[in-house]
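What follows draws every value from the coordinates through simple rules; no lab data is involved. Being a predicted model, the structure only gives us computed values, none of them experimental. Ideal geometry is used to build each Cβ from the backbone, glycine not excepted, and the neighbour counts take in all protein chains shown.
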Amino acid sequence: MTPVLFERLLIIGAGLIGSSIARAVRERRLVRTLVVADQDPAVCARVRELGFADEVTGNAAEAAREADLIIVCVPVGAMGAVAAQIGPQLKPGAILSDVGSVKGAVMSVMAPHVPAHAHLIPAHPVAGTECSGPDAGFATLFENRWCIITPPEGADETAVERLSSLWRAMGADVEVMDLRRHDLVLAITSHLPHLIAYNIVGTAADLEEDMASEVIKYSAGGFRDFTRIAASDPTMWRDIFLYNREAVLEMLGRFTEDLTALQRAIRYGDGEKLFDHFTRTRAIRRSIIEMGQETDAPDFGRLAAEKPRHEQS
Ligand code: NAP
């Protein structure tokens, strides 16, 4: 059994990610005392009912005083305000971390509030679903998923290692990365795909009424997977695009150029170009499966029994 890694862990924000950390930590007994703080009294009440924390509070600043590790799990746009609240309370040697999907901006809004006697070590678990709130979390969310840790220059190595150990103990593979690189990589692998999904679902919704209903009826033809992504939390994704603006615009520029090249190939009937492109992208999916980041089961492993009848064949 993994030994206790922290005496007192405070999780701020009991949504999908915060409640998943709480459940994983509790199931594996990784900390002595687990405290959960959320600004919403209804969320606090629900966390008490679900029973995955030792203590639940609406007062994050007070709870931060005794904590050895604080993980901030609120939307990126709220990270600065939370850091301002809890920063002055941090005890010597405390580690302050987060799970935000954008690292550069989070670092710049949090760092000014962290006293020299505490350690700010940002992190991002590359795992999630389109659901939100304390009921959406589950203990196995981080298993075999990456957690990217982006320590600032000169960060305390022991603090980085202690935080890494916690993520490993929750089942994640830990990678240490420069925060600028993190934001660029995630812009193309996560942020742009979400933008494309939000866009295509929006375009379909704007189609005239009879056509839109047919789009829903025949959605199994690929569109459905976009609708799952486009159902993701609006606050979280608004903040990601506002706070990772530069990297997203850079990747969007490249994407638009490549899309124009494909558009041109279609216009001029250049089948060879299309075929070569699709062959290359198929190989990329194969390598993602080989790295264990996706299933090779057809239709993303959806069981025939789980599908609506009209989709079974
Ligand atoms: P979520 O389910 O919406 O939960 C966020 C929780 O934080 C809500 O209960 C929210 O309360 C609370 N909150 C907001 N501002 C707060 C504040 N100032 N003080 C205390 N609590 C506050 O969100 P999530 O999906 O867990 O995402 C949380 C973070 O994880 C985000 O930074 C996101 O970028 C990152 N992340 C998400 C995913 C994913 O797939 N979802 C994956 C990796 C990382 P209210 O409802 O009252 O606002």
Using a Gaussian network for the chain with springs between C-alpha atoms less than 10 Å apart, which of these wobbles most: Leu166, Leu50, Leu141? Leu50
Length added when fully stretched, Ala205-Cys131, from 0.36 nm per residue minus Cα-Cα: 24.5 nm
Rank these for me by crowding, Trp146, Trp237, going from fewest to most other beta carbons within 10 Å. Trp146, Trp237
Under 13 Å from the Cα of Lys217, which aspartates and glutamates turn up, not counting those fewer than eight places away in the same chain? Glu209, Glu311
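Shape of the stretch 6-177 from its Cα gyration tensor (a ≥ b ≥ c, root eigenvalues): rounded if a/c is under 1.5, otherwise prolate when a/b > b/c, or oblate? Could you put the intermediate results ahead of the total?
On the way: a/c = 1.40, a/b = 1.15, b/c = 1.22.
In terms of gyration-tensor shape, rounded.
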GluC sites (Glu not before Pro) lying in DSSP loop within the stretch 112-180, provided at most 16 other Cβ fall within 10 Å: Glu130, Glu143, Glu153
Points 7 angstrom from Cα along the Cβ direction at Arg280 and Arg245: gap in nanometres? 3.2 nm
FRET efficiency (Asn59, Ala297; Cβ distance; R0 41 Å; to 0.05) is 0.35
Along the charge dipole of the chain, Cβ charges K/R +1 and D/E -1, which of His191, Val82, Gly171 sits furthest on the positive end? Gly171
Sequence-distant residues sharing a close amide H with Trp146 (under 5 Å, placed H): Val126, Asp173
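Around Ile200, with a cut-off of 14 angstrom between Cβ atoms, what is the net charge of the other residues, counting Lys and Arg +1 and Asp and Glu -1? Don't jump to the answer; show the numbers that get you there.
Numbers: positive: Arg224, Arg228; negative: Asp206, Asp225.
Taking every other residue near Ile200 into account, the sum is 0.
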Using r as the Cβ-Cβ distance of Ser165 and Glu257, and R0 as 41 Å, what FRET efficiency do you calculate, to the nearest 0.05? 0.45
Could you tell me the distance between the Cα centroids of the stretch 1-39 and the stretch 98-127, to the nearest Å? 18 Å
How large is ³J(HN,Hα), in whole Hz, for each residue of the stretch 125-138 in order, when computed from phi with the Karplus curve 6.51 cos²θ - 1.76 cosθ + 1.60 and θ = phi - 60°, using x for Gly and Pro? x, 8, 7, x, 9, 8, 9, 10, x, x, 7, 7, x, 8
Given the peptides 190-203, 9-22, arrange them by the average over their residues of other C-beta atoms within 10 Å, most packed first. 9-22, 190-203
Under a Cβ-only charge scheme (Lys and Arg +1, Asp and Glu -1), can you give me the dipole magnitude of the chain about the Cα centre, in debye to the nearest 20? 380 debye
